[in-house]
Every structure is written in C-alpha cells, then in structure tokens.
Amino acid sequence: MPELSPEFIQEVAYAVHEEVINRRDPIIPDRQAYPWWSFLMNRRSERTFTGGKSIVKMQKDGGLEAEHWTGRQVLSFQENRVDLQMEFEPRRTHIGVEFVHTELEDEGYTVTPNAPRSKNFAKKISKADVDRVMNIFDQRIEDMEDAWDTRLDRIFHMDGTQDPLAPLGLDGLMPLDNTSGTIGGQPRTDPIFQHNVVLGATTSTGGSLERDLQGIIRDCEVNNRGTPSRIDFIMAGWEWVDAYIAFARANDMPYERNGGMGPVKKMDIGVPDSSIQFNGIPVVHNPTFETLDSAGMYNGTKWTKRAYLLASKTWKFGYQAGKLKKFSAPLDPSDQRITRLSTDGRHCLMVTKPNANGLLTIS
C-alpha cells in the first residue's frame, strides 16, 4: 500500500476527530465488589467517642459456687464480681485531591478564583461541549468518592501494623493466632476473648474440611445463651471457595441444580458461586483478599486460603457524629490558582463477642 503523505495526515487531523464509541460514558474496568465494606456499612452507627474511646460493657460469670447443707450447718456467702469491658480506639482517615485551574480550563471548564467551593466548583463551558468527549472533572470527583470506599475497605481488612495511626481491621481483631496479644485491652489468653481458629483444613478425598467447619461453628455458637450470636455470614478467598467445591466433588456431595426434581435436560458441570453455602449459611467470595495477597499485605496464611465465619450481630462499625464520610473544601491559596478538596472520617471497628466468631484456613 502507498504511504500517506504528511499533508494528507494533517488534513485528516484538521477535518475530523477520532471516533469515540462511548462519548461521556467511560468504561470502568478495575472496580471489584467489596462485601466486607458493605457488611460494615450495614452495621454502622453514630458514636461520640467521648474520652477518645468506644467502650463495650460486658458481664462475666461472677464465680459463685453452690453448696449443700443439713441441720444447723453454717452457710457461706460469697462476693461475685461480674464487671468487664473492652475498649476500642477510633482512628482518623483523610483523602485529599488537588485541582490545578489551568488544567481544568484547558479541558473546557471555568473556575472562579477564591470563590466558595463545593464538589462542582468547576463549571462546564457550554460552547466547549462539542469538543468535550469526556467530563474529566466529573470523573475525577467520582473517583475521589469511590477511592474512599475502596481504600477503607482494604484498611479495615488489615491488622493496623501498616501505619501506627491506622485503625484495627479484621486481621487485627481476628488474627491467625487467637491466644496472643490483646483485644479491646483484654488478653486473648482468656477464652472469653478468643475467636475460634482452625488452621490447615484438608480438602482431598476424606479430608477434614466438613468436620472442621461443623466443629468451629459449634465452638462459635456454644455460648449463644444470653446474647444470641449465630454465625450467619461466611466470607472467603478464591482458593478457599474453589477448594470447597473440589472437596464436595471428591467426597460425592453433588450439587443439584434442579433440586433433584425432573429429568436432567442439559449437561452443566459448573457450580455457580451464588450457590455456595454451608448449612444454609451463604459463602461469599471477597475479591479484596486476592488484592491484599498481590500487595503482600498478609502474615502467615494468605488471604485467599481463609474463610471468616461471622456472627453479624456481634460487629459494630462506629463513626463520629458527622464524620462517616465528610466532604470539605478549604479556601484556595491566595498566591496559587489551585483548589483542594478533602474527605475525612473517624471510625472504629468493634467486635462485641469475639468468641462467637471463627477463622478457618485450608492447607
């Protein structure tokens, strides 16, 4: 084919724009579900954090013992101490974004210097609509909103050691070692404050997975009198879910797509993720587990081999009044044409009954 002349290429560039098939409707290819963040948002509540803490008041067995007597035998009387509490510390989080006015103006927006700011401080120039294929300002604001949710989702998975000012997340409240350290200021050597852990369940033919799951749920629910706390949510990594399916197949536990009723009309070897459950409890895959593994944010067993068995009633996600996800915009600097926007929060993740929850890993 003959080469195109420079003059022709320049003429095409002058005469037409490149085709954009999704004008002002960008494809977003890198957003995953965050079931843990959704779980926390369903359990959020406004708190005051008076004294810089959130307290969970508890009542323990006071140690009274029964005695048997006859005749004139002198009876004994005992003191019983029942007071107990856990203390959790809220932490502050901030995400900020900066806009340079010259960049926005080159993209078809106008910005009034030193004016009051909101999320839509940059105004579209209507005459520029014909040239604008994407509303880049709107997209950057939307990205800031989404970044808050995705980053906090990751943060509240972790154990808090990544930053001395970071909050405690799931891995800090339910570590692989359930007998070391403290939770809420109380020692995990006390069984009351130990979540239940089974490490290295096997998933081959005749493996231990089913028995281990049964056992850990019994251990979680053995103290169900007084404060009901049944396991109702299982959150697992990809490898754990795949191993669960493989275990069922290897041990002749078939999945019946049509409930065993009627003839099989089509061959289908797939087991949909939406059908994975244990004793009627949904098993939800959490893609953040693999994200954390890829970033090396784990100690010991990888996240993808873990499953957390949770009693949702025992989890609380507190936020300071007005600071769940607070947007603010300070005044622009007097000597620069830039605008900065902030999102702030103060949060505290709490588990009120540690021994009602469990963590099971596969080998």
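The values are calculated or read from the model by the stated rules, or taken from the named source; none is laboratory data. None of these values were measured; they are calculated from a predicted model. A quick note on method: Cβ atoms are made from the backbone with ideal geometry, for glycine too, and the neighbour counts reach across all protein chains shown.
Restricting attention to the range 97-123, the residues being of a type in the set (Gly, Ala, Ser) and in contact with a helix residue (DSSP H, G or I) (Cβ under 8 Å, 6 or more places away or on another chain) number 2. One residue stands out among those in the range 141-169 that are crowded, with 16+ Cβ neighbours inside 10 Å and part of a helix (DSSP H, G or I): the one that is farthest from the chain's Cα centre (by Cα), which is 141.
If you go through the range 127-140 and keep only what is assigned to a helix (DSSP H, G or I) and polar (S, T, N, Q), you end up with just 139.
If you take the residues of the range 322-342 that are touching a Phe, Trp or Tyr at 6+ places or on another chain (Cβ under 9 Å) and either within 20 Å of residue 88 (Cβ to Cβ) or assigned to a loop (DSSP other than H, G, I, E, B) (or both), which of them is modelled with the lowest pLDDT? Ranking the candidates gives 329 first.
Against the test of being loosely packed, with under 10 Cβ neighbours inside 10 Å, under 29 Å from residue 289 (Cβ atoms) and either touching a Pro at 6+ places or on another chain (Cβ under 7 Å) or not basic (Lys, Arg) (or both), the options 83, 30 yield a single qualifying residue, 30. Exactly one residue out of 77, 8, 49 is aromatic (Phe, Trp, Tyr) and under 24 Å from the mean Cα position of the chain (by Cα): that is 49. Looking across 51, 71, one residue alone is farther than 30 Å from residue 169 by Cβ, surrounded by fewer than 15 Cβ atoms within 10 Å (Cβ to Cβ), modelled with pLDDT of 90 or more and not β-branched (Val, Ile, Thr). It is 71. Of all residues in the range 4-44, those satisfying the criterion of being within 21 Å of residue 238 (Cβ to Cβ), in contact (Cβ under 8 Å) with a residue 24 or more places away in the chain and not aliphatic (A, V, I, L, M) are 31, 32, 34, 35, 36, 37, 39. Among the residues that make up the range 185-199, is at least one of them in a helix (DSSP H, G or I) and among the small types (Gly, Ala, Ser)? Scanning the range 185-199, I find no residue that is in a helix (DSSP H, G or I) and among the small types (Gly, Ala, Ser), so the answer is no. Checking the stated criteria, residue 39 turns out not to satisfy the condition of being more than 30 Å from residue 273 (Cβ to Cβ), surrounded by 10 or more Cβ atoms within 10 Å (Cβ to Cβ), modelled with pLDDT of 95 or more and aromatic (Phe, Trp, Tyr). Scanning the range 92-129 for residues that are aliphatic (A, V, I, L, M) and more than 38 Å from the chain's Cα centre (by Cα) yields 125, 128. Can you find even one residue in the range 7-18 that is in contact with an Asp or Glu (Cβ under 6 Å, 6 or more places away or on another chain), of a type outside the set (Ser, Thr, Tyr) and either modelled with pLDDT of 95 or more or more than 30 Å from residue 289 (Cβ to Cβ) (or both)? Within the range 7-18, not a single residue is in contact with an Asp or Glu (Cβ under 6 Å, 6 or more places away or on another chain), of a type outside the set (Ser, Thr, Tyr) and either modelled with pLDDT of 95 or more or more than 30 Å from residue 289 (Cβ to Cβ) (or both).
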